[in-house]
């Protein structure tokens, strides 16, 4: 373990990646209705470009918006638009969504292909990425073209490809590294050209020796890309922690990676960049790890965006016992789905079903001031103090304690022996503070 | 199994937890105290057992009564009252009348813990609060030490004898290192056997229940300051309640700093105060008051040892 790059703090949950790591990526066939929310990304929601009754082709843009921090959305199969209405989103709220009844032909619209990066300018690459509706596939779903277009006064010198996949259970990125390494490299080259730089770090955790082997093989001879092995620790894949571990630079509070000259892209995003730039393919599918003790046939599936979670679970043989909780993403930061009728979206990295006996229904006790939350917080915060402040609604004090700097990685809740729901309280406090700040601004 | 459509639980992340629980921590500390408890039975006999038993029952009963009166849910099962009972008994002489033990237990729980709002909210170590009140109320009974007396180790005098620390005050080193190490000396029933406490302390450190920071700085600073003041340092760290205090009292989560820097300052402060009280104070032993005093400083220590926030430049 010694000598591997890492950050201060963090936790070591059981990996559980063995459930799905050796299962090759399979394509999920077309099933029923497709529901495509117009907001699957950080930023302004897209506006619909289609209406009820329209015929759409696979890859056709169905939602977009003028503006910078937003992303377009595309039909993930051909068929007829049956409705454009508000529908429940995986994150819980209702979002305007396009409902498509597939015609079964899965017919693509015309795609603009290129065969070499020499045929395209950096601006051309960014515009193709914008057109393809690319967002970060690691989970946060931040529009990719925004990250590639830093303001004029910020000088970028390093691209970091985040292949850490530190969330337990998830193996989507892992499979991609074993099966699509050439595409990943092509994507990285396109990203480097778009940023007009010549230095990329490729970061993998030490617990994935086969992926490390596969990627170092692919990188051989590429002197712009350097593979770096990270210590296996959660949340190693967090953007700011990764940047510090690799470059020794700390992103200042309230600033972005580009303020320290770094752009971080997830490895899945790099592969999607290759698809977008070389084949003109928009982001209409992604790899989803379907895993956990309560799914009959765990899998790494290539799933069309908009496929219902229930269809995916069905395709994987269904649950073994009654489903108590369906987690979208990993167990540390994933979201408990409000219903299984919600669709897979661009940020859905996994569908995790655990058996009832593994799910702990926390019965919080008093804080015994053990200090574990303080020791593990990768942001150097004192989560126990937020908890106290949040409980008595003293949001000013929470602000003084830098609560807004919390990234909600969940390490504090994970280690709390009294099972105190830190992240729950922190989220509540943060949204209250944001509401207050908005009010003040008005 | 067909897909059911409702009743999905939607709690906030994370969805998995570390195995360690508050109950588990309390259990570990109690396990760590077993060697010292066995040693006390060995050296002080049935009396030690009775004092521990009465102390535990007194703590449980006073917590139960208090929570009945203020109509709060019972917290007896969290293990903290039992732990306070054992720790209080450990710093009492085995010859103390049992009604005093009972009163001490009540003071520990009610004055030391419950009036502050229960587990997690008290400022001072409850067991030490109980001990301090007993010492002020019945100084005679609290400082009459039956000598360790066991036929298997060869006979020792059965009359009350001075503790090794009281001896130091008079410039007399009455016990050998070996006596101190295995606990063949006069003293409170759980504090004399250094080796048993050390085993328990190492267990807690290995189980990651406590960090080594406080015991190390506490015992280390007692060692250094003692030798600086011309007191035999080995004798100094092995005698009195130092090991009990350093491993089990000063490390109490609730009443010690959460920050890693704070732990160092806390341990150091406890060590300096302990030696000062031993050398210059009215009592031969300073562990109890040193820890209680440092307990009061915890908020201040924490305030100046907060971790460095990620992304904030040093000013």
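Each reported figure results from applying straightforward, stated rules to the coordinates on display, with no laboratory input. All of these numbers come straight from a predicted model, not from anything done at the bench. Glycine also receives a Cβ, built like all others from the backbone with ideal geometry; neighbour counts cover every protein chain displayed.
FRET efficiency for residue A:106 and residue A:22, Cβ-Cβ distance as r, R0 = 30 Å, nearest 0.05?
After rounding, the FRET efficiency stands at 0.55.
Full-extension gain between residue A:68 and residue A:82, please, as 0.36 nm times their residue separation minus the C-alpha to C-alpha distance.
Working: separation 14, 0.36 × 14 = 5.04 nm, distance 2.95 nm.
Residue separation times 0.36 nm, minus the Cα-Cα distance, leaves 2.1 nm.
Just to be sure I understand the model, the point goes 7 Å from the Cα along the line to the Cβ. What's the resulting residue B:49 to residue B:64 distance in nm?
Simple spin-label model gives 2.2 nm for this pair.
So what's the projected area for the stretch A:290-388, the Cα convex hull averaged over all directions, in nm²?
Its average projected convex-hull area is 8.0 nm².
When you count, for each residue, the other Cβ atoms within 10 Å and take the mean per peptide, how do B:128-140, B:172-184 rank with the highest first?
B:128-140, B:172-184
Summarise the partner chain shielding of B:255-263 as one whole number: the mean count of Cβ atoms from other chains within 10 Å of each residue's Cβ.
Mean partner-chain Cβ count within 10 Å for B:255-263: 3.
What percentages, rounded to whole numbers, describe P(r) for the stretch A:30-178 computed over all alpha carbon pairs with 10 Å bin width beginning at zero?
Spelled out per bin, shortest first, that is 10, 31, 37, 19, 3.
If you average 1/r over every pair of different alpha-carbon atoms in the stretch A:372-441 and take one over that average, what Kirkwood value in Å do you get? Show your work: numbers first, answer last.
On the way: mean 1/r = 0.0836 Å⁻¹.
Computed over the stretch A:372-441, the radius equals 12.0 Å.
How large is the Kirkwood hydrodynamic radius of the stretch A:75-163, in angstrom, based on all distinct alpha carbon pairs?
On the way: mean 1/r = 0.0601 Å⁻¹.
The Cα-based Kirkwood calculation yields 16.6 Å.
Between B:113, B:19, B:71, which gets the highest mean-square fluctuation from a Gaussian network model of chain B, Cα cutoff 10 Å?
Most flexible of the set in this elastic network: B:19.
Working from Cα positions, state the angle (0 to 90°, nearest 10) between the long axis of helix B:287-303 and the longest principal axis of chain B.
30 degrees
Output the direction-averaged projected area (hull surface divided by four) of the convex hull of the alpha-carbon atoms of chain A, in nm². Don't skip to the answer; put the middle values down first.
Working: hull surface 85.7 nm².
Mean orientational projected area (chain A, Cα hull): 21.4 nm².
Which value does Rg/Rh take for the stretch A:322-442 over its C-alpha atoms, Rh per Kirkwood?
1.01
What order, most packed first, do the peptides A:194-200, A:134-140 have when packing is the mean number of other Cβ atoms within 10 Å of each residue?
A:134-140, A:194-200
Calculate the mean, over all residues of peptide A:356-368, of how many other protein chain Cβ atoms lie within 10 angstrom of the residue's Cβ.
The per-residue average across the peptide is 4.
Give me the mean projected area, in nm² to one decimal, of the convex hull enclosing the Cα positions of the stretch B:69-117.
Average projection, Cα convex hull of the stretch B:69-117: 3.8 nm².
Can you show me the helix-derived [θ] at 222 nm for the protein assembly as shown, built from DSSP H runs with n ≥ 4 at -39,500 (n - 2.57) apiece and divided by the number of residues, rounded to the nearest 500.
-11500 deg cm²/dmol
For the stretch B:219-282 and the stretch A:195-243, what is the centre-to-centre distance using only Cα atoms, to the nearest Å?
Result: 47 Å between the Cα centres.
What number results when the radius of gyration of the stretch A:253-323, computed over Cα atoms, is divided by 2.2 N^0.38 Å?
It is 1.54.
Quick one: what does P(r) look like for the stretch B:256-315 with 10 Å bins over all Cα pairs, in whole %?
For the stretch B:256-315, the binned pair fractions read 24, 40, 23, 9, 4, 0 percent.
Out of all Cα-Cα pairs in the stretch B:194-276, roughly what percent, to the nearest whole number, are more than 15 Å apart?
Counting every Cα pair in the stretch B:194-276, those more than 15 Å apart make up 52 percent.
Can you tell which of A:301, A:352, A:227 shows the greatest fluctuation in a Gaussian network model of chain A with Cα springs below 10 Å?
A:227
What share of all Cα pairs of the stretch A:135-279, in percent, falls into each consecutive 10 Å distance bin?
The percentages, shortest bin first, are 12, 47, 36, 6, 0.
For chain B, what's the radius of gyration and Dmax over Cα atoms, in angstrom?
21.0, 82
Label-point separation (nm) for residue A:279 and residue A:391, each offset 7 Å from Cα along Cα-to-Cβ?
Using points 7 Å along Cα→Cβ, the separation is 5.3 nm.
For labels at residue A:93 and residue B:19 in the simple 7 Å Cα→Cβ model, what's the distance in nm?
Rounded to a tenth, the inter-label distance reads 4.1 nm.
Once you've got the GNM for chain B with C-alpha springs shorter than 10 Å, pick whichever of B:32, B:141, B:194 has the biggest mean-square fluctuation.
It is B:141.
Averaged across A:412-424, how many Cβ atoms of other chains sit within 10 Å of each residue's Cβ atom?
5
So how do B:288, A:316, A:412 line up by other beta-carbon neighbours within 10 Å, fewest first?
A:316, B:288, A:412
With only alpha-carbon pairs counted, each pair once and no self-pairs, how large is the Kirkwood hydrodynamic radius of the protein assembly as shown in angstroms?
Value: 29.2 Å, from the Cα pair sum.
Would you please give the FRET efficiency between residue A:296 and residue A:4, computed as 1/(1 + (r/R0)^6) with r the Cβ-Cβ distance and R0 = 41 Å, to the nearest 0.05? Please report the intermediate quantities before stating the final value.
Numbers: r = 36 Å, r/R0 = 0.89.
Calculated value: 0.65.
Could you give me D for the stretch A:213-307, from Stokes-Einstein at 37 °C and 0.692 mPa s, where the hydrodynamic radius is the Kirkwood radius over C-alpha pairs? Units µm² s⁻¹, please.
In µm²/s, the coefficient is 198.
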